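S.K.: I'd like to ask you about the structure that follows.
Derivation of every value follows stated rules applied to the coordinates shown; laboratory data play no part. This one's a predicted model, so the numbers in the text were calculated from it and none came from an experiment. Please note: Cβ atoms are built from the backbone with ideal geometry, for glycine as well, and neighbour counts cover all protein chains shown.
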Amino acid sequence: MFTIEHEFDATVVTLIDEGHSPLTEDVTINAFEDCLTIEQYDPREDRVVTITLSLVQLRDLEAALDLPEGVYRIRTAEDGDEGGD
């Protein structure tokens with residue numbers, strides 16, 4: 001299950017673990033204009049852990065989910081064509 005909320009400066013998606021035990025804590029994703037943060041409560045340390053991804057990292061993650069194992073670099077029109085791979 002998940003929820004989506006639109007706030008002033010971010011879109012917030014919360015992923016709720018409904019699977020079989022052991023369940024993990026909810027994951028909150030905050031999509032801002034210039035980055036994306038992923039937050040999850042860590043009960044072992046009694047604190048919220050935050051990971052920040054740039055928009056370039058987010059683009060790379062999106063592409064990686066559809067590719068086989070390997071090392072990749074995404075070229076954009078701004079990069080120009082520098083010849084072969």
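S.K.: According to the Kirkwood expression over distinct Cα-Cα pairs, how big is the hydrodynamic radius of segment 25-72, in Å?
M.R.: Working: mean 1/r = 0.0812 Å⁻¹.
After inverting the mean inverse Cα-Cα distance, the result is 12.3 Å.
S.K.: Shifting gears a bit: Would you mind computing, in nm to one decimal, how far apart the modelled labels at residue 69 and residue 8 are, each placed 7 Å from Cα along Cα→Cβ?
M.R.: Once both label points are built, they end up 4.8 nm from each other.
S.K.: Next question, about the same structure. Counting each DSSP H run of 4 or more residues in the chain as -39500 (n - 2.57), what helix-only mean residue ellipticity at 222 nm follows after dividing by all residues, to the nearest 500 deg cm²/dmol?
M.R.: The helix contribution divided over the chain gives -3500 deg cm²/dmol.
S.K.: Residue by residue, what Karplus-based ³J(HN,Hα) values in Hz, rounded to whole numbers, does segment 4-11 have, using 6.51, -1.76 and 1.60 with θ = phi - 60° and x for Gly and Pro?
M.R.: Computed from phi, the couplings for segment 4-11 are 10, 10, 9, 9, 4, 10, 7, 9 Hz.
S.K.: Then there is this: Of 31, 71, 4, which is farthest towards the positive pole of the chain's charge dipole, taken about the Cα centre with +1 and -1 on the beta-carbons of Lys, Arg and Asp, Glu respectively?
M.R.: 71
S.K.: Here's another thing I want to ask about it. Please report, in whole Å, how far the alpha carbons of the chain spread along each principal axis, starting with the longest.
M.R.: For the chain, the Cα extents along the three principal axes come out at 50, 34, 25 Å.
S.K.: Whole-Hz Karplus ³J(HN,Hα) for segment 59-66, in order, using 6.51 cos²θ - 1.76 cosθ + 1.60 and θ = phi - 60°, x for Gly and Pro?
M.R.: Listing the rounded values in order: 4, 5, 4, 4, 5, 5, 5, 10 Hz.
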